[in-house]
Amino acid sequence: MSYPDDRVDIDPYATNGAKNPRPSVSVVMPTLDEARNLPHVIPRLPAWIDELIVVDGYSTDDTVAVAQELFPDVRVIYQSGQGKGDALRCGIEAARADIVVTLDADGSTAPEEIPRFVHALAQGADLAKGSRYLQGGGSDDLTLLRRTGNKGLTLLVNVLFRTRYSDLCYGYNALWKRRARDIDIDVDGFEIETLLALRAARARLRVVEVPSWEARRIHGGSNLNAVRDGWRILKLIVCERTLRRPASSLPNELRQSVRRSVAKTSSPRSPDRGP
Ligand SMILES: Nc1nc2c(ncn2[C@@H]2O[C@H](COP(=O)(O)OP(=O)(O)O)[C@@H](O)[C@H]2O)c(=O)[nH]1
Ligand SMILES: [Mg+2]
C-alpha cells in the first residue's frame, strides 16, 4: 500500500476534486499536564485538518492556555469523568468531522503520520489502527515489560477473536465518526485501545493497520502503569469474549455492572492530584 508523503504537509484528498468530496478530519488529543509537550506537537499538525479538540483532564499546568496560544481555533473540552478512555469518549462524541484521529499530546505519536490514517479510511477502512510492528513502524518508548505484555495480549486477542492484529495496545488510531456507535466506548482507562480493536472485530468492521513510529515522550512521565493497566486490559478481553455480544446490547443494569467490575481494579488519576 502506498501512502501520501508524510513529510510534506499535503492534503491527502487534494487530487480527488469534486468527484469525491473531501471528508473532514477532527484530531482528538487527550491531555493531562502536557504544557511542555504541546509546542512540540501542535505546530506539526497538518494545515488541512478541520478541527483540533483538546480533551483536558483538569491539568494542573498551563496545558489549556498553551494549546489556545498555539492553535487559536482549538476546541477545549473538559472530560466528564477520569482516565484516557473517558477523555477519548468525550472527544469522539464532540467531534464534528467525518473522520476522527486520536493523537497523544506527549510527542510520542507523530502528527506527520495523520495522512496515512486518513488515507487508509478513504481507501475503505472503517478503523485505521496504528501498528509499531509493521514495516516502517517501531518504538523508542516501549519498555521490555510493556513490549512483552503487549505481545502476549495481542496473541491472546488474535486467538480468542480470530483477528490478525500486530499491535493491540497503541493509542494512534483513526475512525469514521459514524462508526463510533459500533464501538460504543464504555471504558475509562488505557484499555480504550483494546476496546476499539475488540469491538471493531466483533462488529465486523474493516480494520487496516498502518505502520507508525512511536517516539519517546518528550517531557514528563507516562500515566500508564504496565501491571495495573495490563490487568485491566486482560479483564476487558475476557469480559468481551465471554459475553459474546457487545456490552452495548445488554440491558443497561447488567452493562453498568460489567463496567464497574472492569473498572474496579483501580481508578485512574484523580483530577485533584498534584503533578
Ligand atoms: N484527558 C486525559 N488525558 C490523559 C489521561 N491519561 C493520559 N492522558 C493523555 O493520553 C496520552 C497518552 O498518555 P501517556 O501517559 O503518555 O500514556 P502512554 O503513551 O501509554 O505512556 C497523553 O496525551 C496524555 O496526556 C487522562 O486521564 N485524561
Ligand atoms: Mg505516551
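Throughout, read-outs are computed from the coordinates displayed, never taken from laboratory work. Since this is a predicted model, take the numbers as computed values, not measurements. Positions of Cβ are backbone-derived with ideal geometry, glycine not excepted, and every protein chain shown enters the neighbour counts.
With labels modelled as points extended 7 Å from the Cα through the Cβ direction, what inter-label distance (nm, one decimal) is found for residue 123 paired with residue 78?
4.2 nm
What full-extension length gain, to one decimal in nm, is calculated for residue 68 and residue 135 as 0.36 nm per residue of separation minus the Cα-Cα distance?
Separation in residues times 0.36 nm, less the Cα-Cα distance, equals 20.5 nm.
In what order do 231, 213 fall by count of nearby beta-carbon atoms within 10 Å, going from fewest to most?
Least crowded to most crowded, the residues run 231, 213.
What ranking of 90, 169 emerges when the number of other C-beta atoms within 10 Å of each C-beta is taken as an exposure proxy, fewest first? Could the numbers behind the result be given before it?
Working: 90 22, 169 25.
If I rank by nearby Cβ atoms, fewest first, I get 90, 169.
Give the distance, in whole Å, between the Cα centre of segment 56-94 and the Cα centre of segment 130-205.
Using only Cα atoms to place each centre, the spacing works out to 23 Å.
Any idea how far apart residue 155 and residue 181 come out in nm if each label point goes 7 Å out from Cα toward Cβ?
Label at residue 155, label at residue 181, 3.9 nm between them.
Tell me the volume per residue, in Å³, of the convex hull enclosing the alpha carbons of segment 22-262.
115 Å³
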